[in-house]
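The next block holds one structure in the form of C-alpha cells; read it before the comments.
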Ligand code: GUN
C-alpha cells in the first residue's frame with residue numbers, strides 16, 4: 001500500500017482563505033486584527049519561524065508587530081513589554097517565541113499574557129478551558145493537525161488514536177483534542193516500553209518526540225493515518241520528521257510529509273487564533 005499524502009501546504013492555503021473572509025469582515029467593521037510576536041535573543045531557527053509568521057500576517061491583511069529583544073533582556077523588561085501589549089487595543093494576539101533565554105522564567109512570561117490575547121493557548125486559564133473542552137484559543141500545532149484530519153475526511157470518533165510525545169505544546173493538547181472528538185486515546189513517550197506494541201494498534205498516530213525518524217513502517221498499522229509533527233535537520237542538512245517517511249508510506253493509509261505537512265498549518269492556526277481573538281474583543 002502507498003499512503004495518500006496529506007498536503008499541508010495546499011490545505012493551509014484553503015484554511016487561510018476561510019479565515020481571510022473573517023478577517024475581511026472585521027476590517028469592514030473598522031477593526032484590523034493585530035498580532036505581536038516577541039523574540040528574545042538570536043536563535044536562528046526561531047528567527048526563521050518568526051519571519052514566516054510576519055509574512056503570513058501580511059498575506060491575510062493582519063497587522064503585525066515584530067519585537068526583537070536582545071538575549072540579555074531582563075525578565076522585568078520583557079514582562080513590562082507584555083503589559084504594554086496587553087493594554088494596546090490595536091493588538092489582539094501576543095506570542096512570545098519559545099524557548100526564551102535561561103535567565104527568564106517561561107511560566108511567568110506565559111502567565112503575564114492576557115488570556116484573551118494568548119494566541120498560543122499556553123496560559124493556564126486557556127489550558128484549563130482546553131481540558132474542559134471549551135478552548136477559545138487552542139494551541140496552534142495540534143489545532144492544525146486536527147484541521148488536517150478533518151479536511152482529509154479522516155474519521156476520529158471511536159478510533160484508537162495514539163499520541164507519541166507529551167509536551168505542553170503538542171502532545172498533551174493533541175491528546176485532549178482527539179479525546180473531545182470521541183477517539184480512544186493512548187499517550188506514549190519516546191521511553192514507553194514496547195512502544196511499537198502501542199503504535200501498531202493506532203488508527204491515528206501522531207508523533208511529536210523530536211527524535212528523527214524514530215517511528216518506522218513496521219511500527220504502523222496498515223491503513224493508519226500518520227501525523228508527523230517533528231522537524232529535524234540531519235547532519236547532512238536534510239529535513240526529516242519523527243517518522244521514517246519512506247518505510248511508513250508503504251504501510252500507512254495517510255501520511256504528512258516533512259516539510260509541507262503540519263508546519264504550514266501551525267502558522268495558519270496562529271492567524272486563525274488572532275482573528276478569533278479580535279472577534280471576541282468586540283463582543
Ligand atoms: N516554539 C516552538 N513552537 C512554538 C509555539 O507553538 N509557540 C511559541 N510561542 N513558541 C514556539
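The values are calculated or read from the model by the stated rules, or taken from the named source; none is laboratory data. Since the structure is predicted, the reported quantities are computational estimates derived from the model, not experimental observations. Glycine gets a Cβ as well: all are built from the backbone with ideal geometry, and neighbour counts include every protein chain shown.
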Yes or no: region 151-160 includes at least one residue that is in contact with a strand residue (DSSP E or B) (Cβ under 7 Å, 6 or more places away or on another chain), within 16 Å of the ligand (Cβ to nearest atom) and either at pLDDT 95 or above or assigned to a loop (DSSP other than H, G, I, E, B) (or both).
no
Across region 8-45, what is the number of residues that are surrounded by fewer than 18 Cβ atoms within 10 Å (Cβ to Cβ) and farther than 20 Å from residue 95 by Cβ?
13
Can you tell me which of (1) more than 15 Å from the ligand (Cβ to nearest atom); (2) more than 18 Å from residue 270 (Cα to Cα); (3) assigned to a helix (DSSP H, G or I); (4) in contact with a strand residue (DSSP E or B) (Cβ under 7 Å, 6 or more places away or on another chain) is the one residue 73 doesn't meet?
(3)
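Against the definition (within 12 Å of the ligand (Cβ to nearest atom), within 16 Å of the chain's Cα centre (by Cα) and in a loop (DSSP other than H, G, I, E, B)), how does residue 173 come out, yes or no? Outline the logic, then answer.
Details: within 12 Å of the ligand (Cβ to nearest atom): yes; within 16 Å of the chain's Cα centre (by Cα): yes; in a loop (DSSP other than H, G, I, E, B): no.
Against the criterion (within 12 Å of the ligand (Cβ to nearest atom), within 16 Å of the chain's Cα centre (by Cα) and in a loop (DSSP other than H, G, I, E, B)), residue 173 does not qualify.
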So, of the residues in region 121-150 that are touching a residue at least 40 places away in the same chain (Cβ under 8 Å) and assigned to a loop (DSSP other than H, G, I, E, B), which turns out to be farthest from the chain's Cα centre (by Cα)?
133
Would you point out the residue of region 161-170, among those that are crowded, with 21+ Cβ neighbours inside 10 Å, away from the ligand (no atom under 15 Å from the Cβ) and free of Cβ contacts under 8 Å to residues at least 60 places away in the same chain, that is farthest from residue 223 (Cα to Cα)?
163
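Can you find a residue that is more than 14 Å from the ligand (Cβ to nearest atom), free of Cβ contacts under 8 Å to residues at least 24 places away in the same chain, outside any strand (DSSP E or B) and out of contact with any helix residue (DSSP H, G or I) (no Cβ under 7 Å at 6 or more places or on another chain) anywhere in region 90-99? Break it down stepwise before answering.
Residues of region 90-99 more than 14 Å from the ligand (Cβ to nearest atom): 90-92.
Checking which are free of Cβ contacts under 8 Å to residues at least 24 places away in the same chain leaves us with none.
No, region 90-99 has no match at all.
Condition check: surrounded by fewer than 13 Cβ atoms within 10 Å (Cβ to Cβ) and under 25 Å from residue 145 (Cα atoms). Does residue 124 satisfy that?
Values: surrounded by fewer than 13 Cβ atoms within 10 Å (Cβ to Cβ): yes; under 25 Å from residue 145 (Cα atoms): yes.
The answer is yes for residue 124.
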Show me the strands (runs of 3 or more DSSP E) found entirely inside region 176-283 where at least 2 residues are out of contact with any strand residue (DSSP E or B) (no Cβ under 6 Å at 6 or more places or on another chain).
none
Enumeration of residues in region 161-170 that are assigned to a loop (DSSP other than H, G, I, E, B) and under 19 Å from residue 200 (Cα atoms)
165, 166
What residue, of 204, 227, 215, 231, is without any contact (Cβ under 8 Å) to a residue 60 or more places away in the chain and under 25 Å from residue 131 (Cβ atoms)?
204
Quick check on my filter: what residues within region 14-39 are under 23 Å from residue 152 (Cα atoms) and in contact (Cβ under 8 Å) with a residue 12 or more places away in the chain?
14, 15, 16, 19, 20, 22
With the first residue restricted to region 247-275 and required to be under 29 Å from residue 218 (Cβ atoms) and at pLDDT 95 or above, and the second required to be part of a loop (DSSP other than H, G, I, E, B) and within 16 Å of the ligand (Cβ to nearest atom), Cβ contacts under 6 Å at 6 or more apart or on different chains are 256/262; 258/231; 258/241; 262/229
Taking residue 104 as meeting all but one of (1) in contact (Cβ under 8 Å) with a residue 12 or more places away in the chain; (2) within 18 Å of the chain's Cα centre (by Cα); (3) outside any helix (DSSP H, G or I), write down the number of the exception.
(2)
